[in-house]
Structure formats: C-alpha cells, structure tokens
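The values are calculated or read from the model by the stated rules, or taken from the named source; none is laboratory data. Worth saying up front: this structure is predicted, and the values here are computed from it rather than measured. Neighbour counts run over all protein chains shown; Cβ positions are idealised from the backbone, glycine included.
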Amino acid sequence: MSTYAIAKLRNVVMGEAIAEYLHRIDATLGPFGGKFRVHGGQAEVLEGDWTGDLIIIEFADRRAARDWYASPDYQAILPLRTRHSEGDVIFIDGVPEDHRAHEVLPA
C-alpha cells in the first residue's frame, strides 16, 4: 500500500537556499521510488482558512518513505528547507482502491 509524505509549508522564503533544495530533491527521491503527486499550485478553498503550500510525495510503502527521509542525501538538503520555511510534515498510508468510507467505523 502506498505511503504519502505530506507537507504543508508556510512562510517560505524564496531565495538561493530554497532554489538549491528544489534543484536537489528529485535526485534524493529516485532511489526510493518517490514521486511528486502534488507540489504547491493554486488551491481552491471551499471550507476553512487555507494558507501555505501542499506537497504530496508518493512512495511504495512506509519503509521506502522512512528510508528516503533518513537518507544521507535528503538529510544533507533538509536544512535548506527547514531554515527558510515553516511547516508540518507527516507520513500517512493510502487506502485500497476499493476502500469505502464506512470501513473506518469500529466493528
């Protein structure tokens, strides 16, 4: 089952550090099969107050996601982002294609 690395970033200070991070991140994803599924873009807010940018990267499973995040190559560029933005980052598993909403209810 796929695992997603999801980041909601705010107050990104665009400059040389963020540009370097963006130029280097793709190479860190390749060995772990990571693929961008959402990378910022104009959000259409339907409810609530949404600020920031959403990034979603898909991995084959939780282990691949963890291995990518802990990899020396990613850890080397991580401060380029964390020193120039605020945000929240999580890993979360996807659901099977035949998932139905009621399946999250207790049995």
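Checked against the criteria, ALA5 counts as crowded, with 17+ Cβ neighbours inside 10 Å, assigned to a strand (DSSP E or B) and modelled with pLDDT of 95 or more. I'd like to know if the stretch 40-49 contains one or more residues that are modelled with pLDDT of 95 or more, over 14 Å from the mean Cα position of the chain (by Cα), in a loop (DSSP other than H, G, I, E, B) and surrounded by 14 or more Cβ atoms within 10 Å (Cβ to Cβ). The answer is no, given that none of the residues of the stretch 40-49 is modelled with pLDDT of 95 or more, over 14 Å from the mean Cα position of the chain (by Cα), in a loop (DSSP other than H, G, I, E, B) and surrounded by 14 or more Cβ atoms within 10 Å (Cβ to Cβ). Within the stretch 8-24, restricting attention to residues that are within 18 Å of GLN75 (Cα to Cα) and of a type in the set (Gly, Ala, Ser), the residue that is surrounded by the most Cβ atoms within 10 Å (Cβ to Cβ) is ALA17. Going by the structure shown, is ARG37 out of contact with any strand residue (DSSP E or B) (no Cβ under 7 Å at 6 or more places or on another chain) and among the basic types (Lys, Arg)? No. Of the numbered criteria (1) modelled with pLDDT of 95 or more; (2) out of contact with any Lys or Arg (no Cβ under 9 Å at 6 or more places or on another chain), the one LEU29 fails is (2). The requirement of being surrounded by fewer than 15 Cβ atoms within 10 Å (Cβ to Cβ), part of a helix (DSSP H, G or I) and hydrophobic (A, V, I, L, M, F, W, C) is satisfied by ALA27. Only residues that are exposed (fewer than 12 other Cβ atoms within 10 Å of the Cβ) and either under 21 Å from HIS23 (Cβ atoms) or among the small types (Gly, Ala, Ser) (or both) were counted in the stretch 60-81, giving 5. Going by the structure shown, is HIS99 in a loop (DSSP other than H, G, I, E, B), in contact with a helix residue (DSSP H, G or I) (Cβ under 9 Å, 6 or more places away or on another chain) and either modelled with pLDDT of 95 or more or not acidic (Asp, Glu) (or both)? For HIS99, the condition - in a loop (DSSP other than H, G, I, E, B), in contact with a helix residue (DSSP H, G or I) (Cβ under 9 Å, 6 or more places away or on another chain) and either modelled with pLDDT of 95 or more or not acidic (Asp, Glu) (or both) - is not met.
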